[in-house]
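Here the structure is laid out as structure tokens; the discussion comes afterwards.
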Amino acid sequence: MSSQTTLSLLAYAVYSLTDIYFLSVGINSLAAAGASIVSPVLIALGAVATTVGAGGASVVSRALGEQNVEKASRTVANTFLIFWTAAIAITVLGSVFIEPIVYLLGATDSIAPYAIEYGRIIFLGAIAGTGYSAIVRADGNARYSTAMWIIPIGVNIVLCWLFIIILQMGASGAALATVCCQATSAGMSVHFFFFRKNRSYRIKASYFKPDWPIIIEVLTIGSPSLIKSSSVSLIAIVTNNLLRLIGGDSALSVFAIVSRLYAGLIAPQTGIVQGMQPVVGYNFGQKKLDRVREAIRLSLGAAVVYGSLVCGICLLMPAALIALLSRESAIIAEGQTALRLLALSYPLTGVAMVTAASFQSIGRAREALLLTLGGILLVKLPVLLLASRLFSLTGIWASEAISELILCVVSLVMLKNARARTDHGMVRAPGAG
């Protein structure tokens with residue numbers, strides 16, 4: 001399961017890096033910064049999709065484990081309702097208030113025109129965003145879930161090259177390519193759930209009537225993903241505004257490149273977590289707690305090993321990595337310190353990710369919410385603000401590693417404490433005793 005999802009996310013990482021490459025090389029670093037400024041919007045759109053995807057996947061996997069096919073079908077139908085409602089609201093509000101939004105996100109006067117051009121199309125295409133690959137994985141079809149990532153991303157890369165390099169459409173071309181990518185994924189989701197011959201369950205028209213207990217369960221279980229993604233948006237907004245005040249256009253351009261590298265390289269850790277979730281949820285539904293604990297233990301080990309490997313690569317060759325996305329010597333020179341400091345968080349990040357996802361997969365939303373929300377509001381945001389005040393730009397780049405170290409310790413304590421609560425539906429700490 002992890003290999004399939006990791007392949008999907010690696011494809012997405014390639015898309016993300018290619019996207020910023022075309023903007024940086026095909027236009028300039030300010031255009032890349034404009035897209036980076038709008039990235040909290042994409043994260044917020046993804047937050048809605050991830051909420052219904054993660055929450056729906058947890059409910060569906062447990063329902064299938066309990067042989068409750070009708071509940072699984074009703075859950076899928078209601079996740080469509082939740083997403084469509086939220087996406088329409090986001091499209092309307094974002095399109096109307098695009099200009100003040102980009103300045104709120106941290107744009108300077110030089111970067112704002114690119115951000116507005118890019119962001120307007122992203123908002124208009126919000127209805128095409130999807131989060132259903134997680135539910136497809138919960139159905140046990142990891143191969144199709146992988147295809148739902150790889151095929152749309154291939155479309156995006158080709159269209160990015162066509163719209164930006166060949167047709168010279170500028171930032172609008174990058175945004176339009178992204179929307180086409182999302183629309184392709186949405187079409188594949190509709191095919192999987194409604195037109196595929198060998199389906200695990202049939203979704204009837206009557207199932208699209210709001211089922212409030214299911215909606216509440218999906219939103220409750222998915223809320224940690226919503227909080228996490230929304231909080232990531234908050235951190236990105238605060239970071240952009242701090243960079244604007246401290247370093248201006250140059251710092252924002254460096255962040256546009258380095259943050260994409262950071263996010264791209266961390267993708268396999270996310271893939272490990274997403275591959276683990278349906279395994280944990282299904283086995284928990286069947287009361288096979290030994291398999292639940294083993295899945296969590298293996299996921300923790302894999303995430304830490306991978307994080308350590310990537311950290312080493314970033315420390316040894318930051319200039320070569322940055323040069324893949326930018327030809328500007330100033331960006332390459334200034335970005336090396338930023339990438340090295342950010343990379344120190346890689347070995348630590350996976351621990352908190354696996355822990356939160358483990359609690360989420362077994363329906364313990366409170367613990368997952370505590371870790372994700374507390375991690376952002378009580379750890380990452382205060383550390384970012386304090387470090388930027390004390391150490392300027394260096395503090396901003398180092399704040400991620402400091403925060404992840406704190407969250408790593410908290411996560412291990414939570415897993416250890418969970419050991420004594422197995423009888424109440426909690427998973428014991430992997431490898432303890």
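Summary table
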item: Checklist (1) free of Cβ contacts under 8 Å to residues at least 24 places away in the same chain; (2) under 27 Å from VAL41 (Cβ atoms); (3) surrounded by fewer than 17 Cβ atoms within 10 Å (Cβ to Cβ) applied to GLY173, failing item; result: (3)
item: Only one of SER399, SER411, SER388 that is assigned to a helix (DSSP H, G or I), over 30 Å from SER24 (Cα atoms) and hydroxyl-bearing (Ser, Thr, Tyr); result: SER411
item: Residue in the stretch 394-403 that is at negative phi and either of a type in the set (Lys, Arg) or more than 22 Å from the chain's Cα centre (by Cα) (or both) present; result: yes
item: The stretch 165-199 - residue that is over 27 Å from the mean Cα position of the chain (by Cα) and of a type outside the set (A, V, I, L, M) and, of those, farthest from LEU81 (Cα to Cα); result: GLN168
item: Scan of the stretch 350-380 for residues that are closer than 25 Å to ASP290 by Cα and of a type outside the set (A, V, I, L, M, F, W, C), ordered by number; result: GLY350, THR355, SER358, GLN360, SER361, GLY363, ARG364, ARG366, GLU367
item: Residue list for the stretch 1-28, restricted to those being crowded, with 24+ Cβ neighbours inside 10 Å and either touching an Asp or Glu at 6+ places or on another chain (Cβ under 9 Å) or among the acidic types (Asp, Glu) (or both); result: ASP19, SER24
item: Candidates VAL102, VAL158, VAL179, VAL92, filtered to the one that is among the aliphatic types (A, V, I, L, M), closer than 20 Å to ILE43 by Cα, modelled with pLDDT of 85 or more and surrounded by fewer than 20 Cβ atoms within 10 Å (Cβ to Cβ); result: VAL92
item: Unique residue being at pLDDT 75 or above, within 15 Å of GLN277 (Cβ to Cβ), assigned to a helix (DSSP H, G or I) and β-branched (Val, Ile, Thr) when the list is VAL52, VAL48; result: VAL52
item: Given (1) under 23 Å from GLU117 (Cβ atoms); (2) in a helix (DSSP H, G or I); (3) among the polar types (S, T, N, Q), number of the condition GLN168 does not satisfy; result: (2)
item: Selection count, the stretch 48-82, where residues are crowded, with 24+ Cβ neighbours inside 10 Å and within 15 Å of the chain's Cα centre (by Cα); result: 7
item: Cross-chain or 6+ apart pairs with Cβ under 6 Å, the stretch 82-93 first and of a type in the set (Gly, Ala, Ser), then surrounded by 13 or more Cβ atoms within 10 Å (Cβ to Cβ) and in a helix (DSSP H, G or I); result: ALA86/VAL48; ALA87/ALA126; ALA87/ILE127
item: Residue in the stretch 210-218 that is of a type in the set (Phe, Trp, Tyr), surrounded by fewer than 15 Cβ atoms within 10 Å (Cβ to Cβ) and not in a helix (DSSP H, G or I) present; result: no
item: Single residue of THR372, THR355 found to be touching a Pro at 6+ places or on another chain (Cβ under 8 Å), of a type in the set (S, T, N, Q) and either buried (at least 23 other Cβ atoms within 10 Å of the Cβ) or not in a loop (DSSP other than H, G, I, E, B) (or both); result: THR372
item: Residue within the stretch 200-209 that is of a type in the set (A, V, I, L, M, F, W, C), surrounded by fewer than 21 Cβ atoms within 10 Å (Cβ to Cβ) and free of Cβ contacts under 8 Å to residues at least 40 places away in the same chain present; result: yes
item: Sole exception among (1) modelled with pLDDT of 85 or more; (2) more than 23 Å from ILE135 (Cα to Cα) for SER299, by number; result: (2)
item: 3 or more residues of a type in the set (D, E, K, R): qualifying helices (runs of 4 or more DSSP H) within the stretch 247-326; result: 289-316
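Results for (1) of a type in the set (D, E, K, R); (2) part of a loop (DSSP other than H, G, I, E, B); (3) farther than 17 Å from GLY56 by Cα; (4) touching a helix residue (DSSP H, G or I) at 6+ places or on another chain (Cβ under 8 Å), shown as yes or no for each residue.
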residue: ASN156; (1), (2), (3), (4): no, no, yes, yes
residue: CYS160; (1), (2), (3), (4): no, no, yes, yes
residue: GLY173; (1), (2), (3), (4): no, no, yes, yes
residue: LEU176; (1), (2), (3), (4): no, no, yes, yes
residue: GLN182; (1), (2), (3), (4): no, no, yes, yes
residue: GLY187; (1), (2), (3), (4): no, no, yes, no
residue: VAL190; (1), (2), (3), (4): no, no, no, no
residue: PHE193; (1), (2), (3), (4): no, no, no, yes
residue: LYS197; (1), (2), (3), (4): yes, yes, yes, no
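The values are calculated or read from the model by the stated rules, or taken from the named source; none is laboratory data. Because the structure is predicted, anything quoted here is derived from the model rather than measured. Neighbour counts are summed over all protein chains in view; Cβ atoms, including those assigned to glycine, are modelled from backbone coordinates with ideal geometry.
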